[in-house]
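*Asks:* Quick one: the structure is below, and I'll ask about it shortly.
The values are calculated or read from the model by the stated rules, or taken from the named source; none is laboratory data. Because the structure is predicted, anything quoted here is derived from the model rather than measured. Ideal geometry is used to build each Cβ from the backbone, glycine not excepted, and the neighbour counts take in all protein chains shown.
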Amino acid sequence: MLQSRVAIVILNWNGKKHLENFLPSVLASGYPSMEVIVADNASTDDSVDWLESRYPEIGIIRLPVNYGFAKGYNEALKKVQSEYYLLLNSDVEVTTGWLQPMMQLMDSDAAIGACQPKIRMYADKKLFEYAGASGGWLDSLGYPFARGRVFDYCEEDKGQYDDVSPVFWASGAALLVRAELYHRLGGLDEFFFAHQEEIDFCWRMQLAGYKIMVCPASVVYHVGGGTLPKGNEKKVFLNFRNNLIMLAKNLPLTQSLWKIPMRFALDSISACKSLFEGQGVYFKAIFEAQGAFIGWLLRHKKRSVFPMQKKGKLHGCYKGSVVWQHFVKGRKQFSEIVQEKE
């Protein structure tokens, strides 16, 4: 028997400060059929003890080791029964009534597999936030960007992306997904550990025939970089490695054969540029990521890595190069790059 229509599941790792700051807003969401669960990734701080004493009504799932984002959620959600899951980062402040528009959107169309709210910066609430903004897109070579965020440039939210729209990917910072579908598609890819696993998951969801949507009537504020700060070597490594693996998993072979070598070339240029700018950590992480991808590919060669075309139209695809548009042509805003529905 289902406990609630939606289970808000917060993955925690040494995040007592974030829980102190943001749990009150989550508990005040105002949705009549929800439960809040904290899945703890073997924290070494006192966040679990604090939770038990301060919020005894909140469910706690104790994971034996730090599984990372992907496996952490997969393991935790095996223990959660609900119609919908809402994967919510611990460093997200939600607004009153934020959940209702997303639930209404999901209920309106059984073909919608997942959706996200509009995400703004917690530190500067008029700006879109890096991890999702107003819905994620992907360019022809697999570079992710979003409505309101292109690479490191975040636009001011002036209502320019307030339309409910199909997108390529929804942010893992606040991801509402059908529980049955989550498990049927195998959840998040645990090999990713963290970073871009939600893009891979949304890609697979679209190939299975479902839509991913953004619901801008729902607004949240994200701190970002709470576990691995920007520029961290491991974060750079995971982003580049996982992006290549995602392409190999989801592109048809005919596209993979030229797009992945092209990505190697572009990523290598980026690495060399960073070295000349004195960012040796970035340089090292990119080439380590390429080596790790090759190792992953060799380990998986005995089974089909490159997929056959599946049903399902892909939305939120930009047919050009966001790298060219942004770094060569100097176009910073999403609307300057994507000028019509792709």
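*Asks:* Among the numbered conditions (1) part of a loop (DSSP other than H, G, I, E, B); (2) modelled with pLDDT of 95 or more, tell me where residue 194 comes up short.
*Replies:* (2)
*Asks:* From the residues in the range 256-276 that are out of contact with any helix residue (DSSP H, G or I) (no Cβ under 8 Å at 6 or more places or on another chain) and over 17 Å from residue 323 (Cβ atoms), which one is modelled with the lowest pLDDT?
*Replies:* The selected residue is 276.
Rundown of residues vs (1) under 19 Å from residue 9 (Cα atoms); (2) at pLDDT 95 or above; (3) out of contact with any strand residue (DSSP E or B) (no Cβ under 7 Å at 6 or more places or on another chain), yes/no style:
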site: 59; (1), (2), (3): yes, yes, no
site: 63; (1), (2), (3): yes, yes, no
site: 87; (1), (2), (3): yes, yes, no
site: 112; (1), (2), (3): no, yes, no
site: 134; (1), (2), (3): no, yes, no
site: 159; (1), (2), (3): no, yes, yes
site: 164; (1), (2), (3): no, yes, no
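*Asks:* Now for a different question. Of everything in the range 172-186, what is part of a loop (DSSP other than H, G, I, E, B) and surrounded by fewer than 21 Cβ atoms within 10 Å (Cβ to Cβ)? Give them in sequence order.
*Replies:* 185, 186
*Asks:* In the range 42-50, is there at least one residue being under 20 Å from residue 100 (Cβ atoms) and modelled with pLDDT of 95 or more?
*Replies:* No, there is no match, as no residue in the range 42-50 is under 20 Å from residue 100 (Cβ atoms) and modelled with pLDDT of 95 or more.
*Asks:* Exactly one of (1) more than 30 Å from residue 324 (Cβ to Cβ); (2) buried (at least 24 other Cβ atoms within 10 Å of the Cβ) is unmet by residue 114. Its number?
*Replies:* (1)
*Asks:* Failed condition for residue 152, given (1) more than 27 Å from residue 259 (Cβ to Cβ); (2) among the charged types (D, E, K, R); (3) surrounded by fewer than 17 Cβ atoms within 10 Å (Cβ to Cβ), with all others met?
*Replies:* Tallying (1) more than 27 Å from residue 259 (Cβ to Cβ); (2) among the charged types (D, E, K, R); (3) surrounded by fewer than 17 Cβ atoms within 10 Å (Cβ to Cβ), residue 152 fails exactly one: (1).
*Asks:* For the range 175-207, name all the residues that are in contact (Cβ under 8 Å) with a residue 60 or more places away in the chain and of a type in the set (A, V, I, L, M).
*Replies:* Within the range 175-207, 175, 176, 177, 179, 181, 188, 194, 199, 205, 207 meet the criteria.
*Asks:* Next question, about the same structure. Answer yes or no as to whether residue 201 is part of a helix (DSSP H, G or I), buried (at least 18 other Cβ atoms within 10 Å of the Cβ) and under 16 Å from the mean Cα position of the chain (by Cα).
*Replies:* Yes; evaluated as a whole, the condition is true for this residue.
*Asks:* Further, regarding this structure: State whether one or more residues within the range 8-19 are assigned to a strand (DSSP E or B), out of contact with any Cys (no Cβ under 9 Å at 6 or more places or on another chain), closer than 15 Å to residue 179 by Cβ and hydrophobic (A, V, I, L, M, F, W, C).
*Replies:* Within the range 8-19 (the criterion being assigned to a strand (DSSP E or B), out of contact with any Cys (no Cβ under 9 Å at 6 or more places or on another chain), closer than 15 Å to residue 179 by Cβ and hydrophobic (A, V, I, L, M, F, W, C)), the answer is yes, since at least one residue qualifies.
*Asks:* Right, another one. Looking at 201, 240, 193, can you tell me which residue is in the same structural domain as residue 259 (by TED's automatic domain parsing) and under 26 Å from residue 291 (Cα atoms)?
*Replies:* Result: 240 is the single residue among 201, 240, 193 that is in the same structural domain as residue 259 (by TED's automatic domain parsing) and under 26 Å from residue 291 (Cα atoms).
*Asks:* Here's something else I'd like to know. Restricting the search to the range 296-320, which residues are within 20 Å of residue 155 (Cβ to Cβ) and either modelled with pLDDT under 95 or part of a loop (DSSP other than H, G, I, E, B) (or both)?
*Replies:* 316, 320
*Asks:* Residue 21 - would you say it is in the same structural domain as residue 183 (by TED's automatic domain parsing) and over 28 Å from residue 200 (Cα atoms)?
*Replies:* Against the criterion (in the same structural domain as residue 183 (by TED's automatic domain parsing) and over 28 Å from residue 200 (Cα atoms)), residue 21 qualifies.
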